Amino acid sequence: MPQEPILTAPDSDRDDIYHVFQLTYAHIPRRRHENFLFRDIHDAPMPLHFNFWIAHNRHRTFLVDTGVNARAEKERNRPLLFDPIDALGRLGIDPDLIEDVFVTHLHYDHAGNLDRFARARFHIQDAEVAFATGRCMCERHIRAPFDVEDVVTLVRHTFAERVVFHDGTGHPLPGVSLHSFPGHSGAVQGVLIDTPRGPVLLASDATHTYANLARRSPFLLTVGVDTTLRSYSEMLRIAKGVEFLIPGHDPLVCDFYPVREFNGLPLALLHEVPKPHDLDMLARLE
């Protein structure tokens, strides 16, 4: 019997309600002291997942971020479980038919592969592009997570009129709003998506993990501590609670949410409620 497609659409025919999936394409070993600006003296393993996100309904499919490309995988020694864009084909998605890609920020693990979509519009915050092409890139430690080729690719798309710039809050599609969370980078773009269980905020690296948010201790790589802390408060206000907020790199997402495998690819179903025994844990993280 043929396998039921994993990218199911909501029962409603409304074009403003989506199912949202997280696809984890790499696992990176880390220690706790590497994940907090204010060091945790109780050091222990604290790995990170590298992810991107897919939103789908009967009318459209769009992506949030595009993952690491093959060149950066080798140059930065970031072994991938699979190529993120090749994985789309295994899920029945043709990258050349994607019309909208939301780039949360221009770090190499979120903005690789921008050259592999034939017709997509790339949505990004004005402030993020200004940051990634401005004087801060003269500083080695600040530019380290940016890949110059990714930034140049975005500039080429700009000249081809394929980039949509947003200044803070925007409403680019039915059921989708964009929000600027500066601090980790110039302006990380959170994507709030209406789902059958309510709006889910893909916060990306505005908070790498639930623990960064709960402890109000930013990730080690932070360009603005004060703005990051304000962004934490704003994220929780917009998300209406941590159970509707998805951090950028936390393996706990795959523990809290149902995960289904399709063609060997594990997808976390973010449009479904967290597992009941984890709801109390999520609440305590606030």
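The values are calculated or read from the model by the stated rules, or taken from the named source; none is laboratory data. On a predicted model such as this, the values are computed, not experimentally measured, just so you know. Because the Cβ atoms are built from the backbone with ideal geometry, glycine has one as well, and the counts that use them run over all protein chains shown. Accessible surface is based on the protein model in full, side chains and every heavy atom, while ligands, DNA and RNA are left aside. Shrake-Rupley method; radii C 1.70, N 1.55, O 1.52, S 1.80 Å.
When the stretch 64-76 is filtered for residues that are open to solvent by less than 10 Å² (accessible area, probe 1.4 Å) and without any contact (Cβ under 8 Å) to a residue 60 or more places away in the chain, the ones remaining, listed by number, are THR66, GLY67, VAL68.
In the stretch 119-130, the residues that are farther than 19 Å from ILE93 by Cα form Cβ pairs under 6 Å with partners that are assigned to a strand (DSSP E or B), at six or more places apart or across chains, as follows: HIS123/PHE102; HIS123/VAL164; HIS123/PRO172; GLN125/HIS166; GLN125/SER180; GLN125/GLN189; ASP126/PHE165.
Scan the stretch 184-230 for residues that are under 26 Å from HIS19 (Cα atoms), open to solvent by 10 Å² or more (accessible area, probe 1.4 Å) and either hydroxyl-bearing (Ser, Thr, Tyr) or in contact with an Asp or Glu (Cβ under 6 Å, 6 or more places away or on another chain) (or both) and the total you get is 1. Hey, among the residues in the stretch 146-182 that are part of a loop (DSSP other than H, G, I, E, B), over 21 Å from ASP205 (Cα atoms) and among the charged types (D, E, K, R), which one's farthest from the chain's Cα centre (by Cα)? By that ranking, first place goes to GLU161.
Yes/no matrix, rows are residues, columns are (1) among the polar types (S, T, N, Q); (2) in contact (Cβ under 8 Å) with a residue 60 or more places away in the chain; (3) surrounded by fewer than 23 Cβ atoms within 10 Å (Cβ to Cβ):
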| position | (1), (2), (3) |
| --- | --- |
| PRO29 | no, no, yes |
| GLU34 | no, yes, yes |
| ARG39 | no, no, yes |
| HIS42 | no, no, yes |
| PRO47 | no, yes, yes |
| PHE50 | no, yes, yes |
| TRP53 | no, yes, no |
| PHE62 | no, yes, no |
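Which of the residues that make up the stretch 258-274 are closer than 30 Å to LEU37 by Cα and either among the small types (Gly, Ala, Ser) or modelled with pLDDT under 95 (or both)? Scanning the stretch 258-274 gives ALA268, PRO274. Candidates in the stretch 250-268 are the residues that are outside any helix (DSSP H, G or I) and touching an Asp or Glu at 6+ places or on another chain (Cβ under 7 Å); of these, the one that is surrounded by the most Cβ atoms within 10 Å (Cβ to Cβ) is TYR257.
Rundown of residues vs (1) over 28 Å from LEU221 (Cβ atoms); (2) of a type outside the set (Lys, Arg); (3) in a loop (DSSP other than H, G, I, E, B), yes/no style:
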residue	(1), (2), (3)
LEU7	yes, yes, yes
ASP15	yes, yes, yes
ASP43	no, yes, yes
HIS49	no, yes, no
GLY67	no, yes, yes
ALA72	no, yes, no
GLY89	yes, yes, no
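Here ASN113 meets each of (1) at negative phi; (2) assigned to a loop (DSSP other than H, G, I, E, B); (3) open to solvent by less than 20 Å² (accessible area, probe 1.4 Å) with one exception, condition (1).
Those residues that are among the β-branched types (Val, Ile, Thr) and either free of Cβ contacts under 8 Å to residues at least 12 places away in the same chain or closer than 16 Å to LEU154 by Cα (or both), I need them from the stretch 131-143; list them, please.
Step one: filter the stretch 131-143 for residues among the β-branched types (Val, Ile, Thr), giving 133, 142.
Correct list: THR133 only.
For the stretch 116-145, how many residues are farther than 23 Å from PRO172 by Cβ and either open to solvent by less than 10 Å² (accessible area, probe 1.4 Å) or not in a helix (DSSP H, G or I) (or both)? Before the answer, list the steps.
Going through the stretch 116-145, the residues farther than 23 Å from PRO172 by Cβ turn out to be 134-145.
With either open to solvent by less than 10 Å² (accessible area, probe 1.4 Å) or not in a helix (DSSP H, G or I) (or both) added as a condition, the list becomes 134, 139, 144-145.
Adding up the residues that qualify gives 4.
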